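Structure first, then comments.
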């Protein structure tokens, strides 16, 4: 009695494979489930293994590890995929599995492949062999155009992802430099920029970055869809940032009153010092007090105005820096959102253009 192991990550697919094979003369079929790390419990005396995939998705890294370990432990290994009659892209999934596993992936469902597999398991090759010859039909319709289309699609998708990542990094760096320059200009302005002036500067910066984003998207689509008979048009971004709100006019009544009191006290003391000569003249002694009061009031008003102007300039500069930071945050959010939307649209175009449309395959990037 020859022992053959049926295994895979999907227990339902393994069970379906066993049901399709049924009983085989002089062959004992045993089943096992592949662990997360690719480990497979192989019973002693196992002569061959059948690795079962589901046609819903291609093989992954765990499947590759499990097949390699089965080859080392049992020798002959045949890979099959069940459920091809239920999935439209089953042939593409088998082609991608073949490229990853470096093994023929045979279609196995009602009316396809079961008799050939049973015959191959009845007539096993020597234990030193590393493959099974399952009939004349290769990997579940593993026609070279299908495999080429699947590989081309994967190539274009990888180029798309890497291009989007590069564009995002480049645009964020440009945004940081442009808005940092605007913030430095706002800090160095003696009185800070006017609201209308700052709005124009921010709008010009956003317009420049939007144009750079459009250029990146056109280059991304040209590279992704190079060789297509009809290339999809790159989306046109519309990055907009609302104008900054005008600065608030804060009234510091308690602070102004305290400053006015301090200024009046200082001015009154200065006035008394300046009117000392008037006290020496008896007829002018009466004018000394009014003159001191007037000088004190003038000094207090002057000090208050200077303080207000300095506070207004500082508040205007701080407002401008905050407005530039808010505009940068909004702009970078819009840039990233546009890149994500463009990547999604390009991925959808790849999926529709590479499968089931009859589009002629071309060399990808």
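The values are calculated or read from the model by the stated rules, or taken from the named source; none is laboratory data. As the structure is a computational prediction, the values presented were derived from the model and not from experiment. Every residue, glycine among them, receives a Cβ derived from its backbone with ideal geometry; neighbour counts consider all protein chains shown.
Side notes on the structure shown:
- Restricting attention to segment 49-69, the residues that are within 10 Å of residue 5 (Cβ to Cβ) and either in contact with a helix residue (DSSP H, G or I) (Cβ under 6 Å, 6 or more places away or on another chain) or free of Cβ contacts under 8 Å to residues at least 24 places away in the same chain (or both) total 2.
- The number of residues in segment 36-52 being in contact with a strand residue (DSSP E or B) (Cβ under 6 Å, 6 or more places away or on another chain) and surrounded by fewer than 16 Cβ atoms within 10 Å (Cβ to Cβ) comes to 3.
- Which numbered condition residue 55 fails, given (1) over 19 Å from residue 154 (Cβ atoms); (2) touching a strand residue (DSSP E or B) at 6+ places or on another chain (Cβ under 6 Å); (3) at pLDDT below 85: (1)
- Exclusive hit being buried (at least 17 other Cβ atoms within 10 Å of the Cβ), touching a helix residue (DSSP H, G or I) at 6+ places or on another chain (Cβ under 7 Å) and modelled with pLDDT under 55, set 134, 92: 134
- Of all residues in segment 163-200 being at pLDDT below 90 and buried (at least 20 other Cβ atoms within 10 Å of the Cβ), the one that is farthest from residue 336 (Cα to Cα): 192
- Candidate set: segment 70-80, residues that are touching a strand residue (DSSP E or B) at 6+ places or on another chain (Cβ under 8 Å) and without any contact (Cβ under 8 Å) to a residue 60 or more places away in the chain; chosen: the one nearest to residue 42 (Cα to Cα): 73
- With respect to (1) in contact (Cβ under 8 Å) with a residue 40 or more places away in the chain; (2) closer than 17 Å to residue 13 by Cβ, the lone exception for residue 88 is condition (2).
- Criterion violated by residue 31 - all others in (1) in a helix (DSSP H, G or I); (2) in contact (Cβ under 8 Å) with a residue 12 or more places away in the chain; (3) surrounded by fewer than 21 Cβ atoms within 10 Å (Cβ to Cβ) satisfied: (1)
- Residue match in segment 344-356 (condition: assigned to a loop (DSSP other than H, G, I, E, B), under 60 Å from the mean Cα position of the chain (by Cα) and at pLDDT below 80): yes
- Yes/no for residue 341 being exposed (fewer than 15 other Cβ atoms within 10 Å of the Cβ) and modelled with pLDDT of 85 or more: yes
Residue by residue, here is whether (1) modelled with pLDDT of 90 or more; (2) in a helix (DSSP H, G or I) holds:
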{"residue": "204", "(1), (2)": "yes, yes"}
{"residue": "208", "(1), (2)": "yes, yes"}
{"residue": "232", "(1), (2)": "no, no"}
{"residue": "237", "(1), (2)": "no, no"}
{"residue": "242", "(1), (2)": "no, no"}
{"residue": "249", "(1), (2)": "no, no"}
{"residue": "255", "(1), (2)": "no, yes"}
